[in-house]
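Structure, as structure tokens:
The values are calculated or read from the model by the stated rules, or taken from the named source; none is laboratory data. Values in this document were obtained by computation on a predicted structure and should not be read as measured data. So basically every Cβ, Gly included, is an ideal-geometry build from the backbone, and we count neighbours across all protein chains shown.
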Amino acid sequence: MTQTTQRDLVAEYFAGFRTSDHARILATLTDDVEWVIHGHRTTRGKAEFDGEIENPAFSGSPQLDVHCVHEDGPVVVTTGEGRGVSVEHGPLRFAFNDLFTFRDNLIARVDSYVVPLP
């Protein structure tokens, strides 16, 4: 049996977001996960994290294209671009950088940086 790598878990996390599959995303996280969406908010624990997966300010699931993945010890860093639909403003494009910190083979912290694109 092969062991799931940190990169595999990050890929599973993104696959879950692309389909708004809460259970799939939550299975990659520690119970006390912290998600810092810099400039927006911080969630603590799976229940708060779950509430942010499908933010009511957005419609549908995002399209997420991961361009780069770098791993160093317990940290995986990704960069990419995404598209989504804001309820208030309509379609939007954004660049993202997510830093995943692992503990006990699960994601314990996510630092997300999101920049709107024209």
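Anything in the range 85-118 that is in a strand (DSSP E or B), over 14 Å from the mean Cα position of the chain (by Cα) and on the phi < 0 side of the Ramachandran plot? List them, or say none.
If the condition is that a residue be in a strand (DSSP E or B), over 14 Å from the mean Cα position of the chain (by Cα) and on the phi < 0 side of the Ramachandran plot, then Val85, Ser86, Pro91, Leu92, Arg93, Arg103, Val115, Pro116, Leu117 are the ones that fit.
As an exercise: evaluate Glu81 against (1) closer than 14 Å to Tyr113 by Cβ; (2) touching a residue at least 60 places away in the same chain (Cβ under 8 Å); (3) among the charged types (D, E, K, R) and give the number of the one condition it does not meet.
(2)
Out of the residues in the range 5-51 that are surrounded by 13 or more Cβ atoms within 10 Å (Cβ to Cβ), of a type in the set (S, T, N, Q) and over 22 Å from Phe94 (Cα atoms), state the one that is nearest to the chain's Cα centre (by Cα).
The extreme case among them is Thr28.
Within the range 52-65, identify whether any single residue is farther than 21 Å from Phe94 by Cα and either within 13 Å of the chain's Cα centre (by Cα) or surrounded by 14 or more Cβ atoms within 10 Å (Cβ to Cβ) (or both), and answer yes or no.
No: the range 52-65 contains no residue that is farther than 21 Å from Phe94 by Cα and either within 13 Å of the chain's Cα centre (by Cα) or surrounded by 14 or more Cβ atoms within 10 Å (Cβ to Cβ) (or both).
Name the pairs whose Cβ atoms lie under 7 Å apart, with the first residue in the range 42-64 and farther than 16 Å from Ile107 by Cβ, the second assigned to a strand (DSSP E or B) and of a type in the set (A, V, I, L, M, F, W, C), and 6 or more positions between them or separate chains?
Cβ pairs passing all conditions: Phe58/Val85; Ser59/Val85; Gly60/Val85.
In the range 24-61, what count of residues is obtained for those that are at pLDDT 95 or above, touching a Gly at 6+ places or on another chain (Cβ under 9 Å) and not hydroxyl-bearing (Ser, Thr, Tyr)?
Number satisfying all stated conditions: 8.
Please enumerate the residues belonging to the range 20-63 that are over 18 Å from Asp98 (Cα atoms), assigned to a loop (DSSP other than H, G, I, E, B) and touching a Ser or Thr at 6+ places or on another chain (Cβ under 7 Å).
Within the range 20-63, just Ala57 meets the criteria.
For the range 80-107: of the residues being touching a Ser or Thr at 6+ places or on another chain (Cβ under 7 Å) and buried (at least 17 other Cβ atoms within 10 Å of the Cβ), which is nearest to Gln63 (Cα to Cα)?
Among those that are touching a Ser or Thr at 6+ places or on another chain (Cβ under 7 Å) and buried (at least 17 other Cβ atoms within 10 Å of the Cβ), it is Phe96.
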